[in-house]
Amino acid sequence: MGRCHATEDLQSERVGVTHLDLVPGTRYAQKCIGVSLALLLGGLYIPEYAVAGTDAAATFENTCAGCHAGGGNIVKRDATLSLADLQKYGLDGPDALYSIIYNGNGSMPGYGAECAPKGKCTFGKRLSDSEISELATYILDKAKSGW
């Protein structure tokens, strides 16, 4: 009745597949379900900040939103966190954003643990490397979705 043709080895193990082969608990059904789940889950994009257990959205709200609420920029209006502006300034990759968040740039303070010199860095709470990485991914995801 139904067939699962997910992999070559499944096809070579079985020549004729009947509806009994797809009954839950049978070896063939388990392989079909396993392969189907792997294909489904492998196709999903799960951002690093969602997996790591920290809340990058809260970090953004507490650390960045004072100047960058809604992806804007109250200090330099032509340097927002929109995808177009990030691309214009070569900041549309996670490494470039990580560097800016860690070290700061112009009037934006750096938030990295080893940011220096002191006058260039935040006087507030410093962020861990993983928090900065997750924040960079969060900002890129928000920029790609239009904030």
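The values are calculated or read from the model by the stated rules, or taken from the named source; none is laboratory data. Everything quoted here is computed from the prediction, not taken from an experiment. Glycine gets a Cβ as well: all are built from the backbone with ideal geometry, and neighbour counts include every protein chain shown. Surface areas here come from the heavy atoms of the whole protein model, side chains and all, with no ligands, DNA or RNA. Shrake-Rupley method; radii C 1.70, N 1.55, O 1.52, S 1.80 Å.
Structure summary
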| quantity | calculated |
| --- | --- |
| Per-region count, the stretch 117-147, residues without any contact (Cβ under 8 Å) to a residue 60 or more places away in the chain and among the β-branched types (V, I, T) | 2 |
| Residues that are part of a helix (DSSP H, G or I) and open to solvent by 80 Å² or more (accessible area, probe 1.4 Å), drawn from the stretch 100-126 | K118, K120 |
| Output for the stretch 127-143, where each listed residue is buried (at least 20 other Cβ atoms within 10 Å of the Cβ) and not aliphatic (A, V, I, L, M) | E131, S133, E134, Y138 |
| The stretch 54-75: number of residues that are under 16 Å from I100 (Cβ atoms) and of a type outside the set (G, A, S) | 8 |
| Counted residues, the stretch 77-88 - those being closer than 13 Å to G106 by Cβ and surrounded by fewer than 13 Cβ atoms within 10 Å (Cβ to Cβ) | 1 |
| L97 being under 16 Å from the mean Cα position of the chain (by Cα) and in a loop (DSSP other than H, G, I, E, B) | no |
| Any hit, the stretch 39-56, residues being closer than 28 Å to T137 by Cα, at pLDDT 95 or above and open to solvent by 60 Å² or more (accessible area, probe 1.4 Å) | no |
